[in-house]
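Comments concern the structure below.
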Amino acid sequence: MLDQLSTHGLILLVVDQPATIGALPVAVAQASGALVGFLPGLAMRRIADLHPGEAKTDARDAAIIAETARTMPHTLRSIQVADEQVAELSMLCGFDDDLAGQITQVSNRIRGLLTQIHPALERVIGPRLDHPAMLDLLQHYPRHRRR
């Protein structure tokens, strides 16, 4: 599609989430030689407030982004990232993803153990395991004492 559009002139692709859902279109556009712009979240929210309707939909967001790129190009930020920077950022994002996965695994393991040992206790503290005080309590009172 970008090759077909390039016969009509210079292409500008504008995204509002360049690192997540917009990463693939950004990479494809950059590889094809298109200009890539980014509409920061704060600017997007402020501009969206000027348009009728309050429902957040992809179609509404796309229309707002397109109109903003056409009428207010000064609000856009250029995305020009070197391959080395992309590799470094991908590696850092991978570390974050790994850590998030490990946190989920540990939380699930603690919940599973609590369910086996003391189901009522798991029902009470299970949903609150992400609170820092909960880990302190579990470390301070490691076992259930019966009298």
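Some notes on this structure:
- Residues in the stretch 91-116 that are within 25 Å of Ala27 (Cα to Cα) and either charged (D, E, K, R) or surrounded by 12 or more Cβ atoms within 10 Å (Cβ to Cβ) (or both): 4 in all.
- Test result for Thr68, among the polar types (S, T, N, Q), surrounded by fewer than 10 Cβ atoms within 10 Å (Cβ to Cβ) and in the same structural domain as Ser6 (by TED's automatic domain parsing): no
- Scanning the stretch 39-58 for residues that are out of contact with any strand residue (DSSP E or B) (no Cβ under 7 Å at 6 or more places or on another chain) and under 22 Å from Ala19 (Cβ atoms) yields Gly41, Leu42, Ala43, Met44, Arg45, Arg46, Ile47, Ala48, Lys56, Thr57, Asp58.
- Selection from the stretch 1-29 of residues that are touching a helix residue (DSSP H, G or I) at 6+ places or on another chain (Cβ under 9 Å) and either closer than 20 Å to Ala59 by Cβ or not in a helix (DSSP H, G or I) (or both): Ile11, Leu12, Leu13, Val14, Val15, Asp16, Gln17, Pro18, Ala19
- Close Cβ contacts (under 9 Å, 6 or more residues apart or on different chains) running from residues in the stretch 1-27 that are without any contact (Cβ under 8 Å) to a residue 24 or more places away in the chain to residues that are small (Gly, Ala, Ser) and in a helix (DSSP H, G or I) comprise Gln17/Ala23; Gln17/Gly41.
- Of the helices (runs of 4 or more DSSP H) that lie entirely inside the stretch 30-146, those containing 2 or more residues that are modelled with pLDDT of 85 or more span 41-49, 58-71, 83-117, 119-125.
The values are calculated or read from the model by the stated rules, or taken from the named source; none is laboratory data. Only a predicted model underlies this, so the values are computations on that prediction, with no experimental measurement involved. Backbone-built Cβ (ideal geometry, glycine too); neighbour counts: all protein chains shown.
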